[in-house]
Structure formats: C-alpha cells, structure tokens
Amino acid sequence: MIHQNLWYIEDGKEVKSIVIDEKQLESLFVKNTNILDPNWLIIGEQVYTEAKKYIDLLCMEPDGDLVVVELKRDMTPREVTAQAIDYAASVSKYTYKDILDIYKKYSEKNSKAPKTLEEAYEKKFNNKFTLDADTINQEVKMVIVASQMDASTERIINYLRDKYDVLINILFFNVYECDGKQIIGRTWFGKDIEERVLDSDSTRPWNGFAYAAYGCGEHSRTWEDARKFGFISAGGGSWYSGTLKRLNVGDKVFAYIPKKGYVGYGLVTDTVTQAKDVKFNIDGREIAFSDLENGADYLYKSDDPESAEYVVKVKWIYTVDEENAVREPGFFANQNSASKPSSSKWIDTVNRLKQIWGIRD
C-alpha cells in the first residue's frame, strides 16, 4: 500500500494530512485538469452509462483514447475494480456522435468550457492535432483515484495489468494542510498507462509495418517537405515526439495525415534526431533542416529538448499528394506520431494499402 508523509526540513515537524471528500476532489479536477494529468481533456462529468450508474469523470487523451476516472468511495475491492471495468465496457461502445453529445452536456454545465468538443480539443492541445473521428475511442483506459487502497485491490489491479495488459491504474492523491493552505500530492500506483501502452508487447504478432501520423499545417510543417526531402517529424512536447523513438532503421512505415488519409510508404533510414541537428544531402550539399525552403520555424531551431521538433529520415518508396490520400471505412488510425500496431484492423489496413499501391514485401 502506498502512503506518503511530509515533514518540515527545519524542525522535523510532520505536515498535517487531511481528508477531503470525492465531490471536492472532482470539483478541483474540473477546474484544473493538469492535477489529474496534463494530457487529459475532461469531456464529461457524471456520465450516465448503460449500467444505470454514473462515471465520475470521462477524459480524452491527445490520440483520442478515452479515460474513465472513478473516484473511490466506500466500495469493496471487487466492487471498485468491477465498476471501473463495467464503465470501460460501456464507454468502448460510444460512437463519435455519442462523445459529442456527452461533451455538449458537459459544456452546458460548465460555462467556462469551450462550446464544442473540437474547440476544446484544439485549445487543450494548442492546435498540435485536429480532432479526427477515425481516431476517437480506439481504446478505453481506467483510472481509480484514491487516497489509499487496500492490499486486495492492489493485487487485483496488478494481476489485470501484468497478466492481461488491462489498461487500468490507480492514482493516489493525498491532501495536506500547511499554514492554512491545502496542498495536494499525486502518485501513480505503477507505471503510467500510456507508458505501458507504448512498452507492452501484444500477444498478437506484429506484422512488420509501422504507422506514423504526420500532422500538417502547424508551424510550417508540410507533407510536401516530408515527401520531397524524405522524413517524418513531430514536436511541441514529449507526448507528441516521444513515440518516434519506436522507429528503427530499416522499419517499413506507412504515413497517415489526420482527417485526410494515408499518403506514403517507405523505409526508415536514420534514428530520431532533434530538428536543429538534422542535415540533408541535397545536390551534394549539406543543408540544415531549418534552412529547407518551407522548413524555417522556431520549433525546427529550438534548443529546448522538450518542446523542439524531432525528425526521422525516411526513404519513400511510394507517395501521393494530400488530395489523393487514401482513406476507407474501417482503416486503422490514431494520433500517435509513431507506433507498431498489432491489431487486426492494422493488419487489414496494411493489406489493403499494399493492394491499392501495388506494394510487395
């Protein structure tokens, strides 16, 4: 069981731990989502489910995945775990329209919230992504919020996570009082869910083809650049650029532009590199990434490793322009900058793209 205590360094006096109820905690999260997670957008509060119960908070991540957040009340270990899974099962069936309706109710209740989900999404993630119906609700994650958890619940959570890769975690919050002010501390029970998604090996074998989402239109980033000079890139924060590390030299990769479709297929020729350090050999000359015709941008020249643009060089084998992007119902898509999916939807998508573009292994 995880419990955190705090002491003053000067006199060794312990900081007083206090208890606040779930309603206060929920209200705090709504006012400042970053306390929960800086990459979560709250889209629903007290969301009614087909189980005839209410989800405390429903959140969305940048890739469109949904997160069920349940504040633990006086429930037994079996109840709290089963309820979270039951909620996730209900949420997994939500269509894009369902999600829009849920957010509409949330925005009507919270006057400071943007009026539409698209506005809220673009504001939260600083226009780094655009909301794409194809990428919404690919997976549902579960987070149980508690100040402490009994050993039985911890065993159940660990078993589900480690044995079956269930996307469930516990987020511990402890509240303290110091000089008349309240302080809140946050601790994950285990590795954060998003890290587990990126690190886990699926029981289904990977088909050998990687996926890359290439966002266009922001910060002078264009598909014409990527196509002409041979690269994919992402930046503006580790959430956006970090997944590029999953690509290795020699990997086969399909490029997808959100809201448009698949635009290219190629081979990775170099590991991920910060944009300011990337050079291209053009007509026998070494040219910096930031000096490309359409590439000059503060992200490309940034010295800040957290917010900078990162680049992976690709030798394109087949590409099309944005107007001829390939997009069909049922195609795999998400907004991770890079991934190595193993779902049946990805396998079907790759086979279809190979057929359309005449690609042979």
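The values are calculated or read from the model by the stated rules, or taken from the named source; none is laboratory data. As the structure is a prediction and not an experimental result, all values here were calculated from the model. Every residue, glycine as well, gets a Cβ built from its backbone with ideal geometry; the counts of neighbours run over all protein chains shown. Note: accessible area is taken over every heavy atom of the protein model, side chains too, but ligands, DNA and RNA are not part of it. Shrake-Rupley method; radii C 1.70, N 1.55, O 1.52, S 1.80 Å.
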Give the residues of the range 316-342 that are modelled with pLDDT of 85 or more, open to solvent by less than 40 Å² (accessible area, probe 1.4 Å) and over 23 Å from VAL278 (Cα atoms), sorted by residue number. VAL320, GLU322, ALA325, VAL326, PHE331, PHE332, ALA333, PRO341
For VAL253, all conditions in the list (1) open to solvent by less than 10 Å² (accessible area, probe 1.4 Å); (2) over 18 Å from ASP63 (Cβ atoms) hold save one; what is the number of the exception? (2)
Can you find, within the range 23-67, the residue that is nearest to SER92 (Cα to Cα) among those that are of a type in the set (Gly, Ala, Ser) and under 20 Å from the mean Cα position of the chain (by Cα)? GLY64
Since GLY264 meets every condition but one in (1) closer than 27 Å to ASP134 by Cα; (2) out of contact with any helix residue (DSSP H, G or I) (no Cβ under 7 Å at 6 or more places or on another chain); (3) of a type outside the set (Ser, Thr, Tyr), which condition does it not meet? (2)
Just checking: which of the helices (runs of 4 or more DSSP H) contained wholly in the range 20-136 hold 2 or more residues that are modelled with pLDDT of 90 or more and open to solvent by less than 20 Å² (accessible area, probe 1.4 Å)? 77-91, 96-109, 117-124
Can you name every residue in the range 262-279 that is open to solvent by less than 30 Å² (accessible area, probe 1.4 Å), out of contact with any Leu (no Cβ under 6 Å at 6 or more places or on another chain) and aliphatic (A, V, I, L, M)? VAL263, ALA275, VAL278
Test TYR87 against the stated conditions and say whether it is in contact (Cβ under 8 Å) with a residue 12 or more places away in the chain and over 28 Å from MET149 (Cβ atoms). no
Of all residues in the range 169-200, how many are open to solvent by less than 60 Å² (accessible area, probe 1.4 Å), small (Gly, Ala, Ser) and at pLDDT 75 or above? 1
Which pairs turn up if I take residues in the range 263-288 that are closer than 13 Å to GLY230 by Cβ and look for partners that are open to solvent by 70 Å² or more (accessible area, probe 1.4 Å) and not in a strand (DSSP E or B) with beta carbon separation below 9 Å, at least 6 apart in sequence or on another chain? GLY264/ARG227; LEU267/VAL249; VAL268/ASN248; VAL268/VAL249; THR269/VAL249; ASP270/VAL249
Name the residues in the range 138-166 that are at pLDDT below 80 and under 25 Å from PRO62 (Cβ atoms), would you? ASP165
So which of LYS313, LYS345, LYS354, LYS259 ends up being in a strand (DSSP E or B), open to solvent by 20 Å² or more (accessible area, probe 1.4 Å) and not hydrophobic (A, V, I, L, M, F, W, C)? LYS313
Members of the range 254-287 that are in contact with a Lys or Arg (Cβ under 6 Å, 6 or more places away or on another chain) and not hydrophobic (A, V, I, L, M, F, W, C): GLY261, GLY266, THR269, ASP270, LYS276, GLU286
Can you tell me how many residues within the range 228-252 are part of a loop (DSSP other than H, G, I, E, B) and modelled with pLDDT of 90 or more? 6
GLY208: open to solvent by less than 30 Å² (accessible area, probe 1.4 Å), among the small types (Gly, Ala, Ser), modelled with pLDDT of 85 or more and on the phi > 0 side of the Ramachandran plot, yes or no? yes
